[in-house]
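First comes the structure, then the notes that go with it.
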Amino acid sequence: MGPRNREFELGGVNHIALVCRDMARTVAFYRDVMGMPLTKTLDIPGGGQHFFFDIGNGDSLAFFWFAHAPEAQPGVSAAAAMPGTGDIVSAHGSMNHLSFNVPLERFEEYHRTLAAKGVDVSRIVDHDDSPSTIAKELHPGVFIRSFYFQGPDGELLEFAAWTRALNEADVNVDPVDATGTRVPLVTDQAVTGQAVTDQALTGEAVTGARR
């Protein structure tokens, strides 16, 4: 069994909500091209709309339409380009890209299918632990396969397939703070150990108070 959430019983993503410029165009892409069932449609106060699409596993992708929403700002609200074709930086708090999990055995088939539907898809990218994080060819060290494309409003989308189960050895990079300085990573095991220690100390304190 892998790491688990000790605080909340989460069952994955309920829905992710994006903002579109044209809801009819959004339906045409996500339902008619991507094949996602449209499961809920709402007119909301203020003249807006809120539509939901089924993306499998009980999860949903939702879109708002607002009459007076600001125009899209590539490179700010979302990545300006697909990986491998340009800058993928986006602003703090933005949704850089949305990745859909697909079966490994159908991954390359799906790449061909979207291209045949007229979608501009990136080349297949195999991710590994090399300095570039991109493998020159498929090998046992590749942990996920990806390709990218964009939705009607420039939202960056991805189809991804895991090639193996992740393990403790995959958590080996210290995070950086706002200045780019690395901060030693506290492992889940250390956090669990500290929680056990805290619980023991609390128990001792309670026992001592009762004496």
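The values are calculated or read from the model by the stated rules, or taken from the named source; none is laboratory data. As the structure is a computational prediction, the values presented were derived from the model and not from experiment. Quick reminder, even Gly has a Cβ in these numbers, built from the backbone with ideal geometry, and neighbours come from all protein chains shown.
Any residue in segment 76-84 that is farther than 18 Å from Met36 by Cβ and in contact with a helix residue (DSSP H, G or I) (Cβ under 7 Å, 6 or more places away or on another chain)? Checking segment 76-84: not a single residue is farther than 18 Å from Met36 by Cβ and in contact with a helix residue (DSSP H, G or I) (Cβ under 7 Å, 6 or more places away or on another chain). Considering Val142, Val121, Val89, the condition of being outside any strand (DSSP E or B) and touching a helix residue (DSSP H, G or I) at 6+ places or on another chain (Cβ under 6 Å) is satisfied by Val121 alone.
The set of residues in segment 181-195 that are at pLDDT 85 or above and more than 24 Å from Gly141 (Cβ to Cβ) comprises Thr181, Val183, Pro184. For segment 13-36, the set of residues classified as at pLDDT below 90 and touching a strand residue (DSSP E or B) at 6+ places or on another chain (Cβ under 6 Å) consists of Val13 only.
If the condition is being within 18 Å of the chain's Cα centre (by Cα) and either exposed (fewer than 13 other Cβ atoms within 10 Å of the Cβ) or at positive phi (or both), then segment 119-161 contributes Thr133, Gly154.
For segment 22-76, the set of residues classified as closer than 21 Å to Ser99 by Cα, touching a residue at least 60 places away in the same chain (Cβ under 8 Å) and among the charged types (D, E, K, R) consists of Arg25 only. Here Phe100 meets the list (1) among the aromatic types (Phe, Trp, Tyr); (2) assigned by the TED database to the domain that holds Leu114; (3) touching a helix residue (DSSP H, G or I) at 6+ places or on another chain (Cβ under 9 Å) almost entirely, failing just condition (3).
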